[in-house]
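Here's the structure we're looking at; comments come further down.
The values are calculated or read from the model by the stated rules, or taken from the named source; none is laboratory data. Nothing here was measured: the structure is a model prediction, and the numbers come from that model. All Cβ positions, even for glycine, are placed from backbone atoms using ideal geometry, and neighbour counts span all protein chains on display.
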Amino acid sequence: MARKIIILSGLILFQIQVLLSMNPQEEPVKSLVLQGMDFSFNNRFAEAEKVFDQLIQQYPQHPAGYFYKAATVQAEMLDAEDYRQDGQFYELAERTIQLADSLQKTARDDSWISFYKGSAYLYRSFMKMKMGNWLSAYKDASRGVSILESAVSQDSLLYDAYLGIGSFKYWKSTKTEFLLWLPFISDQRDQGIAMIYRAIEKGDFVQYVGRDQLVWILMDKKDYAEACKLARQNYEVYPESRFFKWTLASAAFHSREWEFSRQLYQELLQQVLQLPENNHLNEIECLVKLAEIAADNQQWQEAYQLADQALRFNLDESVRKRAKNKLHKALTLRNEAEKRIQP
């Protein structure tokens, strides 16, 4: 009996060592992760999920595959502005956290396992924020960043973790800007941006996602020229990516590059219309932005038609609620255009 226990214990320890030796920076895991991310960036979400399913099959007790599949499901929901897959996303995020906990309880700590655990909390936080669960979102974000900071304190070369930490530092400081005069509230925006740049330059898997996040931060800072520059870099590598095209369209819009912005929103509108399911939210976004561009160029007839089109959809109540600000903008534009058109 004792011999069986020893053998069983040995097998368990061997399996744990195999799991911990699964380094995402090494082949074949790195190629699988990059391939799946490439599919996701190119809107080929089903193919991306198959790649990460393969990773899960090869390492069913490791959090990596579950995390990347969760990120893919979230990307697909964001792409369509349709969150009916949120149950699957939350299950995958929770599985990521549970497996990381199990490995950390039974063996030495591993910085990449901490990375997946902390990042799962951050991705879950973002989804909760999208759904308006602000308090729970903040708790998840704080916990995720704490885990990532602990991982970085153990392994300062874990540059992928710098993205989540840096983003949190920036947005937390921005949202509490009115409290920065207090002695115990520090402004960490510059530090956060520096960490994101470091993640982009030296990280293994966050170059494009980090650059995209940095573009939105630079737009928040009203540094539209640098935002456009970085957004173009992603767009040039992934010209078919709606994910990066939305970012570049917004950066070009805020930079008042009207013709380029108009071109991008028109392309996005056509792509949205070709999706198998369309709840009209992204369609409204494109129409309103195109109406704003037309209005700014004194093209009032076109502005009226675009804004009017945005107001004519028969929306589900949940979608109408989420589109409230866009619809208000469309109504304002239509009213203004109507005044300008009348003799």
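Is at least one residue of segment 69-76 crowded, with 17+ Cβ neighbours inside 10 Å, free of Cβ contacts under 8 Å to residues at least 40 places away in the same chain and farther than 30 Å from residue 320 by Cβ?
As a first pass, look at segment 69-76 and keep what is crowded, with 17+ Cβ neighbours inside 10 Å: 69-76.
Next cut, free of Cβ contacts under 8 Å to residues at least 40 places away in the same chain only: 69, 72-73, 76.
So of that shortlist, the ones also farther than 30 Å from residue 320 by Cβ come out as 69.
Scanning segment 69-76 turns up at least one residue that is crowded, with 17+ Cβ neighbours inside 10 Å, free of Cβ contacts under 8 Å to residues at least 40 places away in the same chain and farther than 30 Å from residue 320 by Cβ.
The rows are residues; the columns are (1) buried (at least 21 other Cβ atoms within 10 Å of the Cβ); (2) within 18 Å of the chain's Cα centre (by Cα).
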residue	(1), (2)
203	no, yes
206	yes, yes
215	yes, yes
221	no, no
224	no, no
234	yes, yes
240	no, yes
>> Just the residues that are under 21 Å from residue 85 (Cβ atoms) and among the hydrophobic types (A, V, I, L, M, F, W, C), please, taken from segment 34-60.
In response: 37, 39, 41, 45, 46, 48, 51, 52, 55, 56
> Taking segment 220-264, which residues are in contact with a helix residue (DSSP H, G or I) (Cβ under 6 Å, 6 or more places away or on another chain), polar (S, T, N, Q) and closer than 30 Å to residue 35 by Cβ?
Replying inline: 234, 241, 247
> Is it the case that segment 76-87 has a residue that's closer than 20 Å to residue 24 by Cα and modelled with pLDDT of 95 or more?
Replying inline: no
> Looking only at residues in segment 130-165 that are among the aliphatic types (A, V, I, L, M), out of contact with any Gly (no Cβ under 8 Å at 6 or more places or on another chain) and assigned to a helix (DSSP H, G or I), which one is nearest to residue 114 (Cα to Cα)?
Replying inline: 152
> Quick one: residue 82 ticks every box in (1) among the acidic types (Asp, Glu); (2) closer than 30 Å to residue 269 by Cα; (3) not in a loop (DSSP other than H, G, I, E, B) bar one, so which box is it?
Replying inline: (3)
> Pairs, please: C-beta under 9 Å, at least 6 apart or cross-chain, first residue closer than 20 Å to residue 61 by Cβ and of a type in the set (A, V, I, L, M) and in segment 116-128, second surrounded by fewer than 24 Cβ atoms within 10 Å (Cβ to Cβ) and at pLDDT below 95?
Replying inline: none
>> For segment 141-171, give me each residue that is surrounded by 22 or more Cβ atoms within 10 Å (Cβ to Cβ) and among the acidic types (Asp, Glu).
In response: 160
>> For a quick check of your reading of the model, give me the residue pairs whose first member lies in segment 228-244 and is without any contact (Cβ under 8 Å) to a residue 40 or more places away in the chain and closer than 15 Å to residue 260 by Cα, whose second is crowded, with 18+ Cβ neighbours inside 10 Å and among the β-branched types (Val, Ile, Thr), with beta-carbon atoms closer than 7 Å and at least 6 apart or on different chains.
In response: 231/215; 231/247
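If we scan segment 256-275, do we find a residue that is hydroxyl-bearing (Ser, Thr, Tyr) and out of contact with any Leu (no Cβ under 7 Å at 6 or more places or on another chain)?
Residues of segment 256-275 that are hydroxyl-bearing (Ser, Thr, Tyr), as a first pass: 261, 265.
With out of contact with any Leu (no Cβ under 7 Å at 6 or more places or on another chain) added as a condition, the list becomes 261.
There is at least one residue in segment 256-275 that is hydroxyl-bearing (Ser, Thr, Tyr) and out of contact with any Leu (no Cβ under 7 Å at 6 or more places or on another chain).
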> Residues 336, 257, 302: which one is more than 24 Å from the chain's Cα centre (by Cα), surrounded by 14 or more Cβ atoms within 10 Å (Cβ to Cβ) and without any contact (Cβ under 8 Å) to a residue 24 or more places away in the chain?
Replying inline: 302
